[in-house]
Amino acid sequence: MISPLVLVQTISAYIFFFDRHWEYTTKVLARDIAGDVSLLADLYEKNPKSFEFIKGIAGSQLGFSMKLLPFFRDFNIPLKIS
């Protein structure tokens, strides 16, 4: 009689605690990474000549690797990826 109650309590604890915990943790981590990327983009927009400095900060403080990619303002241009 005791083992079914323990099983029900274990399952309900998993559903209500662990599921919400991982959902919250994922949301917080995603928000933090988005903020870090936004900060790096804003720093680059304000001073594009300091890319190497920003790249150094991203690598040493945030653990990111950065490189510049060409940016096409005209989105009607077909891009070929090979």
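Okay, here's what the table says:
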| quantity | calculated |
| --- | --- |
| Heavy-atom accessible area order for L7, L43, largest first, 1.4 Å probe | L7, L43 |
| Cα gyration tensor, region 1-42 - rounded (a/c under 1.5), prolate or oblate | prolate |
| Cβ charges +1 (Lys, Arg) and -1 (Asp, Glu), total dipole of region 1-55, debye | 20 |
| Surface accessible to a 1.4 Å probe, I15 within the full protein complex, Å² | 90 |
| DSSP-loop chymotrypsin sites (Phe, Trp or Tyr not before Pro) across region 1-75, with at most 11 other Cβ within 10 angstrom | F71, F72, F75 |
| Nitroxide proxy distance, nm - points 7 Å out along Cα→Cβ at D42 and L5 | 5.5 |
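The values are calculated or read from the model by the stated rules, or taken from the named source; none is laboratory data. Note that this is a predicted model, so its numbers are computed, not measured. Using ideal geometry, Cβ is built from the backbone for each residue, glycine included, and neighbour counts are taken over all protein chains shown. SASA here: full protein model, heavy atoms, side chains in, ligands and nucleic acids out. Shrake-Rupley method; radii C 1.70, N 1.55, O 1.52, S 1.80 Å.
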